[in-house]
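Structure record follows, encoded as structure tokens.
Taken together, the values in this text are just the output of simple stated rules run on the coordinates, not laboratory data. Quick caveat: nothing in here was measured; it's all calculated off a predicted structure. Heads up, the Cβs are rebuilt from the backbone with ideal geometry, glycines too, and the neighbour counts pull from every protein chain shown.
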């Protein structure tokens with residue numbers, strides 16, 4: 001008997017308008033990189049991400065990895081310099097450090113958000129200050145769509161004069177509740193109001209004394225990913241943003257082979273072929289229109305799982321830190337095998353046997369063979385999260401029947417205890 005239709009971890013979810021924008025690109029023959037859709041996508045994204053501190057500028061690029069590489073170039077990373085980075089993340093958060101000959105130093109997670117632990121960051125900055133070699137930058141990852149504790153992290157980095165780059169690849173549509181911009185003008189872009197299709201995913205109240213802003217807009221530079229498994233997708237692609245227009249202009253220059261303004265091809269710097277195509281930008285414009293619904297759908301998935309598995313011994317969900325509204329890009333659980341009756345790998349294999357894709361949480365960077373020998377601060381928390389953590393199917397196009405199939409496998413794995 002054939003298996004039921006496969007349930008993927010996070011598959012692309014197209015809306016109604018993407019194809020029309022792509023059709024326009026074909027009709028006008030704007031196929032090559034750059035074009036009117038790229039310009040408009042950047043402008044629309046900029047407006048969506050604008051924050052109380054001022055306008056945000058955006059550069060559409062070939063990937064989120066390309067965006068981080070350019071960010072490190074822009075902050076002036078040189079060979080041999082260190083960059084602090086969250087350890088619990090995907091390798092693309094650290095690989096560009098090596099592109100420039102930099103040395104990653106990995107910072108462990110805090111349990112309240114699974115993101116970079118500010119206490120360990122403070123320890124690491126103080127240590128490097130004593131040695132007279134502060135890092136060139138700190139890359140803060142907003143893991144699985146949950147914002148890191150930016151107010152505290154920014155205060156630390158500003159005290160030591162170190163740039164912050166925000167890896168918001170998984171956090172487009174999240175809201176960060178900050179105290180820092182309250183005295184600025186009141187324009188606030190959010191992923192916002194609850195959606196009638198997803199009543200369990202409504203907006204979290206903004207805590208008194210804070211305002212809600214888009215992650216990626218707090219540090220000197222921030223970036224997003226539009227890979228096929230992300231909240232919205234352009235097939236491949238990314239966006240680099242900053243409140244400093246000059247930095248984004250520089251990134252566009254570098255991303256277009258660093259071509260000097262001349263009638264002939266002249267280059268005074270090494271450049272890159274990192275710009276987004278006009279066709280993919282058309283997809284992005286359509287996807288941006290459904291961002292709120294996509295976030296609400298993922299939050300509704302998490303709410304479904306939480307309700308269905310409530311009270312099951314040995315199952316714990318990734319917490320939602322009080323300083324943010326998480327996208328729940330992926331719904332993540334921790335499994336205590338002694339209490340549940342099975343470990344996370346047994347659950348994953350049982351899912352695969354039922355044609356359902358699930359994955360362990362990210363393997364920490366300090367455990368990766370390619371980064372063996374790199375310095376780190378802490379590590380025990382991210383190691384535990386990796387050992388017990390499992391990502392459940394979380395796509396915004398999942399049906400109730402899909403979610404029920406996933407829950408049934410989890411319950412079965414736990415036996416009578418579940």
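Observations on the model:
- When the Gaussian network model of the chain links Cα atoms closer than 10 Å, the mean-square fluctuations of 49, 401, 122 top out at 401.
- If the chain linking residue 269 and residue 123 were pulled fully straight, counting 0.36 nm for each residue of separation and taking away their Cα-Cα distance, it would gain 48.9 nm.
- With the highest mean first, a sort of the peptides 234-247, 126-139 on other beta-carbon atoms found within 10 angstrom per residue produces 234-247, 126-139.
- Highest-MSF residue in the chain out of 73, 249, 292 [GNM, Cα springs under 10 Å]: 249
- Going from the fewest other Cβ atoms within 10 Å to the most, the residues 343, 384 appear in the order 384, 343.
- Potential extension, residue 411-residue 19 segment - 0.36 nm per residue separation minus Cα distance: 137.1 nm
- The chain, helix-only ellipticity at 222 nm - DSSP H runs n ≥ 4, -39,500 (n - 2.57), divided by all residues, nearest 500: -10500 deg cm²/dmol
- The ratio of the alpha-carbon radius of gyration of region 238-372 to the globular-protein estimate 2.2 N^0.38 Å is 1.58.
- A Gaussian network model of the chain, with springs between Cα atoms under 10 Å, assigns the largest mean-square fluctuation among 289, 146, 208 to 208.
- The antiparallel fraction among DSSP beta bridges confined to the chain stands at about 60%.
- Relative intensity, log₁₀ I(q)/I(0), of region 292-417 from a Debye sum that treats every alpha carbon as a point, q = 0.09, 0.10, 0.11, 0.12 Å⁻¹: -0.28, -0.34, -0.41, -0.49
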